[in-house]
1. How much of the DSSP bridge set in region 49-162 is antiparallel, in percent, rounded to the nearest 5?
2. Determine ³J(HN,Hα), in whole Hz, for all residues of region 68-81 in sequence, where each value follows from phi through the Karplus function 6.51 cos²θ - 1.76 cosθ + 1.60 and θ = phi - 60°; x replaces Gly and Pro.
3. Can you check how the C-alpha radius of gyration of region 49-162 compares to 2.2 N^0.38 Å, as a plain ratio?
4. Which entries of LYS61/LYS143; LYS86/LYS120; LYS39/LYS146; LYS59/LYS108; LYS86/LYS108 have Cα-Cα distances beyond 28 Å here?
5. Ordered by residue, what ³J(HN,Hα) values in Hz, to whole numbers, does region 105-118 give under the Karplus form 6.51 cos²θ - 1.76 cosθ + 1.60, where θ = phi - 60° and Gly and Pro are x?
6. Hey, with R₀ at 22 Å, roughly what FRET efficiency would GLU97 and GLU46 work out to, going by the Cβ-Cβ distance, to 0.05?
Amino acid sequence: MTTNIVKKTLLILPALFLSVLFIPQKAEASNCYNNYGVKVDCPVEEVSFSITKTADQEKIKPAGRVWFTVTVKNTGTITVDNVSVKDILPDELVWVEGDITHVYNNFKPGETRSFKVKAKPADNIVAQGGTTTAINRAQLTYKDIKLNAEATVVIESGSVLAANTLPETSAGYAIIGLMSGLAISVGAGLKELSDKMLK
């Protein structure tokens, strides 16, 4: 009897020992090591941004142009992809130049990116003698994060033609003088021809 008990015990013990050795261990997510293999505190993974928008001038005429600059910065601690930034022009402004939508990938912590958009006042947006304020907005979108920035420009009244046309000075009178001289010259020639025919 004693011998059989000993044999069964010996057979069971190796099985228990092996099962203990091969139980999978969960790695601790908080374990971080430096370049020398020393355990250190893991950095906090934070996703955050900043966005600003500026205009190169505060006031413009109806025939004027204004440049807007949109600047975004990754103020978080991790590199991110698919960060969308777009310029949203108001009804008072019309797009002239520059891409209004940008998507940033491999956007690293501390990195800054920017783009420019050129715009002009919409037609007949300002009544004679008045002004209007245009608020141009930019928006950053990343997953559930949305940030906005604004830049303001005042559109003053004024004539588009007056801004693009030379004043009526000597040019207009020169044309009148040229036409008058031509008429006099033609008239003199016809009179001379008529006198010869009568002789």
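1. On the way: 41 of 43 bridges.
Restricted to region 49-162, the bridges split so that about 95 percent are antiparallel.
2. Going residue by residue, I get 10, 10, 10, 10, 10, 9, 7, 8, x, 10, 10, 7, 10, 10 Hz, with x marking Gly and Pro.
3. Values: Rg = 16.1 Å, N = 114, 2.2 N^0.38 = 13.3 Å.
Dividing the Cα radius of gyration by 2.2 N^0.38 Å gives 1.21.
4. Working: LYS61/LYS143 39 Å; LYS86/LYS120 18 Å; LYS39/LYS146 36 Å; LYS59/LYS108 36 Å; LYS86/LYS108 19 Å.
Beyond 28 Å: LYS61/LYS143; LYS39/LYS146; LYS59/LYS108.
5. Karplus values, whole Hz, x for Gly and Pro: 10, 6, 7, 8, x, x, 7, 10, 9, 8, 8, 10, 9, 9.
6. Details: r = 36 Å, r/R0 = 1.64.
The calculated FRET efficiency here is 0.05.
Every number here is computed from the coordinates shown, using simple stated rules; none is lab data. This one's a predicted model, so the numbers in the text were calculated from it and none came from an experiment. Here the Cβ is made from the backbone with ideal geometry for all residues, glycine too, and neighbour counts use every protein chain on show.
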